[in-house]
1. Given the -39500 (n - 2.57) contribution per DSSP H run of 4+ residues, what per-residue ellipticity at 222 nm results for the chain, rounded to the nearest 500 deg cm²/dmol?
2. I'd like to know which of N113, V128, T156 lies farthest towards the positive end of the charge dipole of the chain, counting +1 on Cβ of Lys and Arg and -1 on Cβ of Asp and Glu.
3. What is the sum of charges, Lys and Arg at +1 and Asp and Glu at -1, for the other residues whose Cβ falls under 10 Å from the Cβ of G15?
4. Across the Cα atoms of region 3-55, what radius of gyration and what greatest pairwise Cα-Cα distance (Dmax) are found, in Å?
5. Per residue of region 177-188, what does 6.51 cos²θ - 1.76 cosθ + 1.60 with θ = phi - 60° give for ³J(HN,Hα)? Whole Hz please, x for Gly and Pro, Karplus curve as stated.
6. Within the set of other residues whose C-beta is less than 11 Å from the C-beta of V131, count the net charge using Lys and Arg as +1 and Asp and Glu as -1.
7. Which of T79, A18, N32 sits closest to the plus end of the dipole of region 1-142, meaning its Cα is farthest towards the positive end, when Lys and Arg get +1 and Asp and Glu get -1 on the C-beta?
8. Taking K and R as +1 and D and E as -1, what net charge do the other residues with C-beta under 12 Å from the C-beta of A149 add up to?
Amino acid sequence: MKLDRFLAKHDAMGGKNARRLLMEKRVSVDGNLVTDGTREVNRFSRIELDTRVIQESERAIYLMLHKPMGYLSATMDDTHPTILDLIDDPDRSTLHIAGRLDRNTSGLVLLTNDGRWSKRLMTPDKKVPKVYLVETSEPIALEAVAAFAEGFYFHTEDLTTLPARLIILDKHHARLTLYEGRYHQVKRMFHRVNNRVISLHRESIGSIKLPSNLAVGQWRPLTAEELQTFHVTSE
Ligand code: URA
């Protein structure tokens, strides 16, 4: 939301009063005086009028986790451990998962309490690349490269998968880049070329890579640089 609109709604002060306060240099956002009413604010912005805090900022959380196999990409489950069980942040109950992995898939998972950020990351229009390391039961046919690039029609969703990049590493291993995230997508794509995925690991999402020093089951906050990739600028 824009700052002038936020102020106008606050205490029902109205647009005229909001503009006046901005002109009189009485409003600050995150400690900086702001006169531009078009400035975007959200629940993570600390907004002050004179010396009075009119909105305290919520703590925005952005984490990466090295998901182990066997953990559900869910916040709660009665039978299986969930990836939230691995996060010992005091605000972990506010988190949601930006891009799930199947229970038996390992690798990079991002978690946040910022819905706009995760939406932006996951929206199909953004075509954020996700890279997977795949191990298969059968030798990977050379023809699979063209088939993956062409896309597969998925009857259930009535759609054709976006062109995907398959690099064959050896007989049973490949690196696959997808630009979307459909249900069991990697497994279903390999099934179409008469193969079966026996292990799957996500290496990266956009420019965020799973660091080699983040052990299985460990998590850490995203760095400012990593966050910059998916910076949200508008409401
Ligand atoms: N595709 C799959 O089939 N499984 C995953 O966990 C992720 C992508």
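The values are calculated or read from the model by the stated rules, or taken from the named source; none is laboratory data. Note that the structure is a prediction, hence the values are computed from the model and not measured. We place every Cβ from the backbone using ideal geometry, glycine too, and count neighbours over all the protein chains shown. The accessibility values were calculated without ligands, DNA or RNA, using every heavy atom of the protein model including side chains. Shrake-Rupley method; radii C 1.70, N 1.55, O 1.52, S 1.80 Å.
1. -5000 deg cm²/dmol
2. Checked the options; the winner is V128.
3. That sum, taken over residues with Cβ under 10 Å, equals +4.
4. For region 3-55, the Cα-based Rg and Dmax read 9.5, 25 Å.
5. Ordered by residue, 3J(HN,Hα) equals 10, 10, 10, 7, x, 8, 3, 6, 4, 5, 4, 5 Hz.
6. +4
7. A18
8. That works out to -1.
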